[in-house]
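Heads up: the structure comes next, in structure tokens.
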Amino acid sequence: MHELPGRILAIDLGDRRVGLAMSDPSRLIAQPAGFIERRAGKRPPLTALLAKAVEIGATGFVVGLPLDEAGEDTPRAAEARRLAHELETRTGHPVRLLDERFTTSAALRAVKAMEGSTRGRRGDVDALAATVLLEQALAHGERLFQSSAEKHSVARSTTDGDEDA
């Protein structure tokens with residue numbers, strides 16, 4: 001019997017909140033894992049993220065990389081890259097950056113499809129956006145974490161703006 005690879009913690013870094021999602025230990029299923037409030041203009045809540053990783057037993061991370069419509073880095077992308085580096089340095093676990101374009105809009109569409117309201121539930125939407133991000137990562141499978149030579153490479157989303165077409 002082989003050992004399970006362990007949970008992945010997905011992080012959707014926002015200005016006010018950090019949405020979180022986690023995989024099951026076999027890395028097949030993604031589910032929301034809450035959110036962390038963030039003070040505007042402050043650095044990402046690294047200590048709280050590390051505590052959450054320990055709490056759920058994370059052995060890998062996916063950090064959303066905010067790219068613009070052309071797929072180029074945005075000013076917030078540097079912050080996501082720094083966070084990814086800190087997580088990897090402090091935990092020794094692999095961290096991958098994944099294009100996060102359209103994750104929030106996909107989360108909002110899901111809430112509306114269930115005839116729900118986002119009023120007063122922005123943190124839940126952020127956690128759902130992190131879940132969409134993690135689902136994309138899990139769709140890439142183990143190859144997302146295989147090559148250490150390709151650290152911090154961006155795996156392009158297969159679900160981009162095509163939903164509206």
Tell me, yes or no, whether the range 24-32 has at least one residue that is surrounded by 16 or more Cβ atoms within 10 Å (Cβ to Cβ), in contact with a Ser or Thr (Cβ under 9 Å, 6 or more places away or on another chain) and aliphatic (A, V, I, L, M). yes
Keeping to the range 1-59, report how many residues are β-branched (Val, Ile, Thr) and assigned to a strand (DSSP E or B). 5
Residue under question is ALA70, and the condition is that it be assigned to a loop (DSSP other than H, G, I, E, B), modelled with pLDDT under 95 and either small (Gly, Ala, Ser) or closer than 18 Å to ASP124 by Cα (or both); does it hold? yes
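For (1) surrounded by 11 or more Cβ atoms within 10 Å (Cβ to Cβ); (2) farther than 16 Å from ILE11 by Cβ; (3) of a type in the set (Lys, Arg); (4) modelled with pLDDT under 85, each residue gets a yes or a no:
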{"residue": "LEU49", "(1), (2), (3), (4)": "yes, no, no, no"}
{"residue": "ILE56", "(1), (2), (3), (4)": "yes, no, no, no"}
{"residue": "ALA78", "(1), (2), (3), (4)": "yes, no, no, no"}
{"residue": "THR89", "(1), (2), (3), (4)": "no, no, no, no"}
{"residue": "VAL132", "(1), (2), (3), (4)": "yes, no, no, no"}
{"residue": "PHE145", "(1), (2), (3), (4)": "yes, no, no, yes"}
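The values are calculated or read from the model by the stated rules, or taken from the named source; none is laboratory data. A quick note: this is a predicted structure, and the numbers were derived from the prediction, not measured. Counting neighbours? That spans all protein chains shown, and the Cβs are built from the backbone with ideal geometry, glycine included.
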